[in-house]
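One structure below.
The values are calculated or read from the model by the stated rules, or taken from the named source; none is laboratory data. Fair warning: this is a prediction, and the values are worked out from it, not measured in the lab. Note that each Cβ is placed from the backbone with ideal geometry, even for glycine, and that neighbours are counted across all protein chains shown.
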Amino acid sequence: MESKGKGGSYLLSLEGIRELFDRLREKYRVIAPKLKDGLIAFSEVDNFESLPFGYKNVEAPGFYTLERSGGYFTYTHPYNSFKNFLHPPELALIKVKKEKGKLSFQVHIQEETLCLFDIRACDLSALRVLDLVFLHKNPHPDPYYAGLRKGLFVVAVNCTYATFTCFCSTMGTGPEVKEGYDLLITELSEGFLVEVGSERGGEILEKIENKSDAERRHFKEKAQRLRETEAMMRVHFEREGLPERLYGKMDSTYWEHIEKRCVACTSCTQACPTCFCFDILERNNLELDESLRVRVWDSCFSPSFATVHRFNLRQSVHSRYRQWLMHKFAYWVDQFDCFGCVGCGRCITWCPVGIDIREEVRRIAYA
Amino acid sequence: MPTLENPYLLKAGRVEKVIKECEGVYTFHVKTQEPAYPGQYNMLYAFGVGEAPITIASMGEGYIVHTVRAVGDVTRHIDQLREGDYLYWRGPYGNRWEIERAYNKTLLIISGGLGLAATRWVFEEALNKPIKRLVHLYGSKDYDSLLYRYLYENWSSKAEFYITLDRPDPRWKGKVGLITELLKELELDEDTIVFTCGPDPMVKACVRILQEKGIPQNNIYASLERHMKCSVGTCGHCMIGPYFVCKDGPIFRYDLIREYFERKEV
């Protein structure tokens, strides 16, 4: 785990991190964690003071609270994910106008210069997953996602703490950030280790005055901190061979046990950073001469999701739960060569009845 | 990054001809130069209402043919279009019938109800291909819902085209009974290639009979119908097991989807 950054590595003080943040603010719309309604939420952030320093999130199945902590990046990830910004809950696709019986179309593809400041290993993996879904493994790459994604600057942070619902180590996506960042921060006892992952990451860091070259002991401490974080998480199931095991359990009666608890509220799919399903709605004006085609998040738990000729193919809640779990841990591997779950644990925390997907996978695949 | 083609952009084409097939079912000839293959579908758009995936029933010189049954909000609007109106759509999407597999063999096409619209084009193609024997079974609910009556004479003169009605009718002198009865009577080679489109229960029942006749499942292709919103594999609605019907289908080799297709609520 004792690795050196690709393009240099430095030790920065808190002031140095603040300077970095301010410089990024000049060029980008910065999306970062922020205290909001008693939660840590990914939001657009204007000033460095908004970062939820001195807090940590305490999570358990169906439970979330914040506590005071003694450090800076001491929380894990926001309750919502970067998905809200790259695949927004609501996005206009086309404005259709009707004039003298003929239609005309206006397309507005938004191009953003976004910076994700403080994204963790699980979410960074989820970003790679969504890239595959919308761009790289799709015969029709999505221009709307591409527009928002284009030029994205990524400042990743290594987790030095894990909540009870975190299981990135089980899914092999964390806690260490290994790729896909422009800059990577690890909070250490002496300051902040900043590693450069791209040329533009190096360029921005060059301008920061208060920095010193990172030394061997800093990487040792980083490795130690990541080991400690990993030790906070139990290993819940074996990832290898999991899809095959699940394919063999599609007729298990255990799915029906889940139905007794699952209320099909769709909360898990909204909180999940990789759930991409959407619906397309028509939003018409009163004069009926203008109609906006809008893409909105949808969920495989919704009762109309698999409707064909007004008949829902997945009538039972257990069949919808099976669809969700099988998609994340089996179908996804066939579709995109990776798991659809990155182990962020949001679905566990935000399930109103506390269904723990780790337990369900374990019971279905390994019982 | 180069500018990506927008898969949600709609195209326009003038409706050149409207044929009333039966009550609530219309066939439209729509002007377009867009290339397509038998088996593919378009997302037809009704202003302010939405889209519906509709198979391309045929293609002529400079036009495509769509047969639409007014069953939902979108299709009810599309069926109101008349000659000279514009139809808006995006596509074509999806894969095609692998007609080459049937060269020098028997090709059996089985269509149920509106499923005939999904098999019509490939059947017309097959008439001009090196197919050893071409058989088409078409099952319709009743006499009044028969599609493409004006084509039967031509089809029957060139291939074995058999129709059966679920319900008897004094106007009907032909076969009455389920399509499965018609299929049972048919003598087929074991290397027959089968293309089928119809309601899920019909497809399942036909596959069972074909199996009894010794036709392997990897010789059978079914065109599936699922809820599609995006048609490009990103909205998730049409998933069946690990497949997206919109882009991996709508036509599937039966042995590949059997497990998901025959299992309840997948």
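Between A:TYR254, A:TYR247, the distinction of being in contact (Cβ under 8 Å) with a residue 40 or more places away in the chain, within 30 Å of B:ARG258 (Cα to Cα) and in contact with a Lys or Arg (Cβ under 9 Å, 6 or more places away or on another chain) belongs to A:TYR254 only.
Hey, among the residues in the stretch B:218-230 that are more than 8 Å from chain A (Cβ to nearest Cβ) and either part of a loop (DSSP other than H, G, I, E, B) or crowded, with 17+ Cβ neighbours inside 10 Å (or both), which one's nearest to the chain's Cα centre (by Cα)?
So the residue we want is B:SER223.
Within the stretch A:216-236, restricting attention to residues that are crowded, with 18+ Cβ neighbours inside 10 Å and not charged (D, E, K, R), the residue that is modelled with the lowest pLDDT is A:HIS236. Every residue in the stretch A:331-360 that is part of a helix (DSSP H, G or I) and either among the charged types (D, E, K, R) or buried (at least 22 other Cβ atoms within 10 Å of the Cβ) (or both), please. Scanning the stretch A:331-360 gives A:TYR331, A:ASP334, A:ARG346, A:CYS347, A:ILE348, A:THR349, A:ILE357, A:ARG358, A:GLU359, A:GLU360. No other residue among A:ASN84, A:ASN80 is outside any strand (DSSP E or B), surrounded by fewer than 18 Cβ atoms within 10 Å (Cβ to Cβ), modelled with pLDDT of 95 or more and away from every other protein chain (no Cβ under 14 Å) apart from A:ASN84. Filtering the stretch A:119-145 to residues that are without any contact (Cβ under 8 Å) to a residue 24 or more places away in the chain and hydrophobic (A, V, I, L, M, F, W, C) leaves only A:LEU135. The one condition from (1) at pLDDT 95 or above; (2) in contact with a strand residue (DSSP E or B) (Cβ under 9 Å, 6 or more places away or on another chain); (3) surrounded by fewer than 21 Cβ atoms within 10 Å (Cβ to Cβ) that A:PHE73 does not meet is (3). Condition check: surrounded by 17 or more Cβ atoms within 10 Å (Cβ to Cβ), over 25 Å from the mean Cα position of the chain (by Cα), assigned to a strand (DSSP E or B) and not hydroxyl-bearing (Ser, Thr, Tyr). Does A:ILE94 satisfy that? Yes: the conditions hold for A:ILE94.
The condition (being aliphatic (A, V, I, L, M), closer than 30 Å to A:LYS97 by Cα and crowded, with 16+ Cβ neighbours inside 10 Å) is satisfied by just one residue among B:ALA159, B:ALA126, B:ALA118, B:ALA46: B:ALA46. Do the conditions hold for A:LEU116, that is, is it in contact (Cβ under 8 Å) with a residue 40 or more places away in the chain and assigned to a helix (DSSP H, G or I)? Taking the combined requirement at face value, the residue does not satisfy it. Of A:GLY172, A:GLY201, all but one fail to be buried (at least 20 other Cβ atoms within 10 Å of the Cβ), touching a residue at least 60 places away in the same chain (Cβ under 8 Å) and over 26 Å from A:SER69 (Cα atoms); the exception is A:GLY201. Filtered by the rule that a residue be farther than 21 Å from A:CYS159 by Cβ, modelled with pLDDT of 95 or more and not in a strand (DSSP E or B), the stretch A:28-45 gives a lone residue, A:TYR28.
If you go through the stretch A:279-308 and keep only what is without any contact (Cβ under 8 Å) to a residue 24 or more places away in the chain and either over 16 Å from A:ARG320 (Cα atoms) or surrounded by 17 or more Cβ atoms within 10 Å (Cβ to Cβ) (or both), you end up with A:ASP279, A:LEU281, A:GLU282, A:ARG283, A:ASN284, A:ASN285, A:LEU286, A:GLU287, A:ASP298, A:ALA306. Among what's in the stretch A:109-127 and is at pLDDT 95 or above and either over 13 Å from A:ILE31 (Cβ atoms) or within 14 Å of chain B (Cβ to nearest Cβ) (or both), pick the residue that is surrounded by the most Cβ atoms within 10 Å (Cβ to Cβ). In this case the residue turns out to be A:ALA121.
Among the helices (runs of 4 or more DSSP H) lying completely within the stretch A:217-330, list those that include at least 3 residues that are more than 11 Å from every other protein chain (Cβ to nearest Cβ) and within 25 Å of the chain's Cα centre (by Cα).
A:267-271
Among all residues of the stretch A:160-182, there is none that is in a helix (DSSP H, G or I) and closer than 21 Å to A:ILE31 by Cα.
Are any of the residues in the stretch B:51-74 within 17 Å of B:HIS227 (Cα to Cα), touching a Lys or Arg at 6+ places or on another chain (Cβ under 9 Å) and without any contact (Cβ under 8 Å) to a residue 24 or more places away in the chain? Yes, there is a match, as at least one residue in the stretch B:51-74 is within 17 Å of B:HIS227 (Cα to Cα), touching a Lys or Arg at 6+ places or on another chain (Cβ under 9 Å) and without any contact (Cβ under 8 Å) to a residue 24 or more places away in the chain. Scanning the stretch B:141-164 for residues that are in contact with a Leu (Cβ under 8 Å, 6 or more places away or on another chain) and farther than 18 Å from B:TRP121 by Cα yields B:LYS141, B:ASP142, B:TYR143, B:THR164.
Conditions tested, residue by residue: (1) among the aliphatic types (A, V, I, L, M); (2) out of contact with any strand residue (DSSP E or B) (no Cβ under 7 Å at 6 or more places or on another chain).
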position: A:GLY16; (1), (2): no, no
position: A:GLU19; (1), (2): no, yes
position: A:ASN47; (1), (2): no, yes
position: A:PHE53; (1), (2): no, yes
position: A:PRO61; (1), (2): no, yes
position: A:LEU66; (1), (2): yes, no
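Which residues, taken from the stretch B:231-247, are under 18 Å from the mean Cα position of the chain (by Cα) and either free of Cβ contacts under 8 Å to residues at least 12 places away in the same chain or surrounded by fewer than 22 Cβ atoms within 10 Å (Cβ to Cβ) (or both)? B:PHE244, B:LYS247 - these are the residues of the stretch B:231-247 that are under 18 Å from the mean Cα position of the chain (by Cα) and either free of Cβ contacts under 8 Å to residues at least 12 places away in the same chain or surrounded by fewer than 22 Cβ atoms within 10 Å (Cβ to Cβ) (or both).
Scanning the stretch A:239-253 for residues that are on the phi > 0 side of the Ramachandran plot and touching a Gly at 6+ places or on another chain (Cβ under 7 Å) gives no hits.
Check every one of the strands (runs of 3 or more DSSP E) wholly within the stretch B:102-202 and list those with 1 or more residues that are touching a residue at least 40 places away in the same chain (Cβ under 8 Å).
So the answer is B:106-112, B:133-140, B:193-197.
Among the residues in the stretch A:128-150, are any away from chain B (no Cβ under 14 Å) and either buried (at least 19 other Cβ atoms within 10 Å of the Cβ) or touching a Gly at 6+ places or on another chain (Cβ under 8 Å) (or both)? Yes, the stretch A:128-150 contains a residue that is away from chain B (no Cβ under 14 Å) and either buried (at least 19 other Cβ atoms within 10 Å of the Cβ) or touching a Gly at 6+ places or on another chain (Cβ under 8 Å) (or both).
How many of the residues making up the stretch B:231-255 are in a helix (DSSP H, G or I) and either charged (D, E, K, R) or touching an Asp or Glu at 6+ places or on another chain (Cβ under 7 Å) (or both)? Adding up the residues that qualify gives 3.
Within the stretch B:99-111, the presence of a residue that is among the basic types (Lys, Arg), within 14 Å of chain A (Cβ to nearest Cβ) and more than 16 Å from the chain's Cα centre (by Cα) is excluded.
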